[in-house]
Amino acid sequence: MLGTPQTAARVLALVALVLVTVALAVLIVGGDEDRYRVTAEFRNASQLVGGELVVVGGVQAGSVEQIELSDDNRALITFTVDEEHAPLRRGTVATVRSTSLAGIANRRVELTLPGPETAGDAIDDGGSLDESETVSEVDLDELFNTLNPRTVADLKRVIKGLDDAGAGLAKESNRGFRYFNPLLSTSRQVLGQLNSDREAVRRLLVDGSQLSGALADRSGEITELVSNLNVATGAIGRQRAALTSAIEKLPDFLRESNTTFVNLRATADDLEPLVVATGPVADRLGPFFTEFRAAARGAAPTLRDLDQVIRRGGPDNDLVELTRLAVPLSEVALGEGTPDCGDTPATDYEEAADDDFEQGSLGESVCALRNSMPILSHFRPYTPELIGWFDDFSTSGTHDANGGIGRIGGTFNTFTASTSGAPEILSPVDPAEIYGAAGFNALLSVNNDQRCPGALERDPGDGSTTFTDDGRLDCDETQQPIGP
């Protein structure tokens, strides 16, 4: 008999509680047997004691169940993984990390899962990760053990010095620590963005390495750059008053330039197609600028010499002063304007000269050449006579049975032979009568001062001599030397 109804109800509640407890125990034990397990081989256990968390991306994904020692004295860590991440694949890395800077047995196992492109075969339940796929925790004391006693002593003095430097600054330090939270928060966001695009980070590191190599090859030029930058910075530092004034005016300048910067956004959008279109050209500019850099380096001495030619200390020894001297020279050469040789006929060229020389030496030269054209035109047809004279009479004469005959004409001025106190030999006879008298068979002729070109030669029958330029030449073709 169970007695009163209240007693019976209590017995039934107790039995139900026992049954529920047994069922939960069976579910827990049975469910735990069905969980996915992996055994990882570590160099050492890194103070794991069992029960530590197994995390993926900072989120719990399992726990450490068992720690054993292998035959070759390696730590065998068996841990479970939730179904969300099971089964693990080759390429997974298990790392033992600390959960805080200091503490005992404050460890956890962090799993780094491979990406879809690098993931290998699936690891079966009860499978293992070898030592190449695990990373043991490096304790701080192991790092200190690598230092020699002198370095440890120096490190202690550094820590002591930092303590002395911060003494009495607790309030200021606490106020500064308030800004650590935004710093760490934003740093976490930055690191998260970097971790989300590992390929971009890899390219950044590779390109940075190439950039460092390129800078190393230009170490001499970089040294000069730093030296020149030091000189420039020193010069800027000496202008403190001007810098202070500029900094005071900077806020107003930025406020006024805000509108300009806003408009530049639209300009940048318009320039984007241009930048994209010039991409192929930019690739080709690399070799060009390499050669141009060498050419510019070689042109430096020339430019220095050219600088001395253009401007140099002292009077009348550089191009600038020569240019200044050219101003009065140009005034003398050009005069007051365009040459004006007048409308005087060519026959009166002597009257066309500019007596006051106001049109400059070049203008006077133009007038002289222009006024000399009638004279040159008159003498041009007589060029063969002049050349024949230079050529020792080789172009004159004719040929007969005796050979070549040279025709020579003598020219004499009008004269009167006389002596002091003696009678005139030719007087009272007029010389012109003697020269042109028929009784003398006209051996001589006078007043032959308008002969035509080629008058010395006889006409071969084709009318080529004498030359009168179709009557335009002012000469008398009848004036010819006597003889055959």
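The values are calculated or read from the model by the stated rules, or taken from the named source; none is laboratory data. Not measured: the values here are computed from a predicted model. Please note: Cβ atoms are built from the backbone with ideal geometry, for glycine as well, and neighbour counts cover all protein chains shown.
For the reader, a short list of remarks on this structure follows.
- At least 2 residues being farther than 13 Å from residue 137 by Cα is the threshold, and among the strands (runs of 3 or more DSSP E) wholly inside segment 38-109 those reaching it are 53-56, 59-69, 75-81.
- Flag if residue 326 is surrounded by 10 or more Cβ atoms within 10 Å (Cβ to Cβ), of a type in the set (Gly, Ala, Ser), more than 19 Å from the chain's Cα centre (by Cα) and over 30 Å from residue 221 (Cβ atoms): yes
- Number of residues in segment 117-148 that are modelled with pLDDT under 85 and part of a loop (DSSP other than H, G, I, E, B): the value is 5.
Yes/no matrix, rows are residues, columns are (1) under 20 Å from residue 52 (Cα atoms); (2) aliphatic (A, V, I, L, M); (3) out of contact with any Gly (no Cβ under 8 Å at 6 or more places or on another chain):
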site	(1), (2), (3)
107	yes, no, yes
117	no, no, yes
148	no, no, yes
153	no, yes, yes
157	no, no, yes
185	no, no, yes
189	no, no, yes
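- Residue pairs whose Cβ atoms lie under 6 Å apart, sitting 6 or more positions apart in sequence or on different chains, and linking a residue in segment 446-457 that is over 10 Å from residue 479 (Cα atoms) to a partner that is aromatic (Phe, Trp, Tyr) and at pLDDT 80 or above, are 453/467; 454/467.
- The requirement of being closer than 19 Å to residue 123 by Cα, at pLDDT 85 or above and of a type in the set (Gly, Ala, Ser) is fulfilled somewhere in segment 37-46, by at least one residue.
- In segment 273-287, the residues that are surrounded by 10 or more Cβ atoms within 10 Å (Cβ to Cβ) and either among the aliphatic types (A, V, I, L, M) or assigned to a helix (DSSP H, G or I) (or both): 275, 285
- Among the residues examined, residue 316 does not qualify as out of contact with any Asp or Glu (no Cβ under 6 Å at 6 or more places or on another chain) and modelled with pLDDT under 70.
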